[in-house]
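Read through the structure below, which is laid out as structure tokens, and then see the notes.
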Amino acid sequence: MRDLDVRLAMRSRLRREHEDDLSTRVVEEMGIWNGAVRVDLAVINGELVGYEIKSARDTLARLPNQASLYNAVFDRVHLVAAEKHLDHAVSEMPEWWGMIAARSDGDRVELEVFRPAGMNPAIEPLQLARLLWRDEALAILDRCDAARGVRSRTREKVAARLAETLSLDELRRQVRQCLKDRGAWLREPVSYQGHMAVGSET
């Protein structure tokens, strides 16, 4: 069972769940932390949800570092993993992480919820604000009459002002809306097969 097999199964599952919901974006390889790490699949609607895939051929060596970064920005995170990984992952990952078991059934991959995801209790506002491009963050600050003093500053300064200005709930809402409103990232359509590199713009 390869990573691609699990990805295709998960992609199909998300398509079935969200294809009739025009307010939802399902994207692949969403970059966070200025592209330093990419989550395999993300769903953006009333929440920002990440799905990290670990097939039977993968190891969990990189997962703790990935998790520390995902935990800063995603409302919920699911590990979609081969069964052999789950016992170890349950003991290592936060309790609010969801777990989805991926099993090979002949030519198909079957997915079963092993543990449902809870809400992330510790989103970091600055890291969330850093998901936005500079002009997106400035536009929000303009609407809040809070852009004065940072219009000519770096993206980092603009993100810091945004994180300081908005409540966490409002920041989450504004970031999700901006991500959904982007027509295309890296010249790729935002769609079920689309690619997002959130941190690639300056």
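Nothing in this text is a laboratory measurement; each read-out follows from the coordinates by a stated rule. Remember, it's a predicted structure, so these values are computed and weren't measured experimentally. Neighbour counts run over all protein chains shown; Cβ positions are idealised from the backbone, glycine included.
Please figure out what share of the DSSP beta bridges in the chain is antiparallel and state it in percent, rounded to the nearest 5. Write down the numbers at each step before the final one.
On the way: 20 of 33 bridges.
The antiparallel fraction comes to roughly 60 percent.
Just to confirm the number: angle between the C-alpha axis of helix 3-18 and the first principal axis of the chain, 0 to 90 degrees, nearest 10?
60
Restricting to DSSP H runs of at least four residues, report the calculated mean residue ellipticity at 222 nm for the chain, -39500 (n - 2.57) per run over all residues, nearest 500 deg cm²/dmol. Provide the component values of the computation, followed by the final result.
Values: 7 runs with 74 residues, N = 202.
About -11000 deg cm²/dmol.
So what are the ³J(HN,Hα) numbers for segment 39-45, from phi and the Karplus equation (6.51, -1.76, 1.60; θ = phi - 60°), rounded to whole Hz, Gly and Pro as x?
7, 4, 9, 9, 10, 10, 8
Once amide H atoms are built 1.01 Å from N in the peptide plane, which residues 5 or more positions from Ala56, or in another chain, come under 5 Å H to H?
Ala82
Can you give the FRET efficiency for Glu83 and Thr154, using 1/(1 + (r/R0)^6), R0 = 45 Å, r = Cβ-Cβ distance, to the nearest 0.05? Provide the component values of the computation, followed by the final result.
Details: r = 46 Å, r/R0 = 1.02.
That pair, Glu83 with Thr154, gives E of 0.45.
In a Gaussian network model over the chain where Cα atoms closer than 10 Å are linked, find which of Ala139, Ala67, Ala101 has the largest mean-square fluctuation.
Among Ala139, Ala67, Ala101, the largest mean-square fluctuation in the Gaussian network model of the chain belongs to Ala139.
Report the calculated FRET efficiency for Trp33 and Leu168 (r = Cβ-Cβ distance, R0 = 22 Å), to the nearest 0.05.
Details: r = 19 Å, r/R0 = 0.84.
Efficiency for this residue pair is about 0.75.
Can you tell me the 0 to 90 degree angle between the C-alpha axis of helix 155-165 and the longest principal axis of the chain, rounded to 10?
90
So what's the gap between the Cα centers of segment 144-165 and segment 28-88, to the nearest angstrom?
So the separation of the two Cα centres works out to 29 Å.
On a 0 to 90 degree scale, rounded to 10, what angle separates helix 83-92 from the longest Cα axis of the chain?
50
Taking all pairs of different Cα atoms in segment 125-181, averaging 1/r and flipping that mean, what Kirkwood radius in angstroms comes out?
Numbers: mean 1/r = 0.0928 Å⁻¹.
Radius from the Kirkwood sum: 10.8 Å.
In whole Hz, what ³J(HN,Hα) sequence does segment 22-30 give by Karplus (6.51, -1.76, 1.60; θ = phi - 60°), x for Gly and Pro?
Whole-Hz 3J(HN,Hα) from phi for segment 22-30: 5, 8, 10, 10, 10, 9, 10, 6, 7.
Kirkwood Rh, Cα Rg: Rg to Rh for segment 3-115? List each step's numbers first, then the result.
Working: Rg = 13.4 Å, Rh = 14.3 Å.
Here the Rg-to-Rh quotient is 0.94.
How high is the relative contact order of the chain? Use alpha-carbon pairs under 8 Å, at least six apart in sequence, and give a whole percent.
Normalised by residue count, the contact order of the chain is 25 percent.
Nearest 0.05, what FRET efficiency do Arg57 and Glu92 give at R0 = 22 Å with Cβ-Cβ as r? Present the calculation step by step, with values, prior to reporting the outcome.
On the way: r = 19 Å, r/R0 = 0.87.
Efficiency computed from Cβ-Cβ geometry: 0.70.
What is the packing order of peptides 155-162, 84-91, taking the mean over residues of other C-beta atoms within 10 Å and listing the highest first? List each step's numbers first, then the result.
On the way: 155-162: 20.2, 84-91: 14.2.
Those peptides, ordered most packed to least, come out 155-162, 84-91.
Under a 5 Å amide H to amide H cut-off, with H placed in plane at 1.01 Å, what residues pair with Leu48 once short-range neighbours are removed?
Asp75, Arg76
DSSP loop GluC sites (Glu not before Pro) in segment 1-30 with at most 15 other Cβ atoms within 10 Å of their Cβ, which ones?
Values: sites: Glu17, Glu19, Glu28, Glu29; in loops: Glu19.
Hits after loop and neighbour filter: Glu19.
Each residue of segment 140-152 in turn: what ³J(HN,Hα) in whole Hz from Karplus with 6.51, -1.76, 1.60 and θ = phi - 60°, glycine and Pro shown as x?
Once rounded to whole Hz, the list reads 5, 4, 4, 5, 9, 6, 10, 8, 4, x, 10, 4, 9.
Take the Cα pairs of segment 63-194, get the Kirkwood Rh, then feed it into Stokes-Einstein at 4 °C and 1.567 mPa s and tell me D in µm²/s. Kindly include the intermediate steps, with their values, before the conclusion.
Working: Rh = 17.0 Å.
Translational D for this selection: 76 µm²/s.
Give the relative contact order (percent, whole number) for segment 125-181; include only Cα pairs under 8 Å separated by 6+ residues.
On the way: 48 pairs, mean separation 27.9, N = 57.
Relative contact order comes out at 49 percent.
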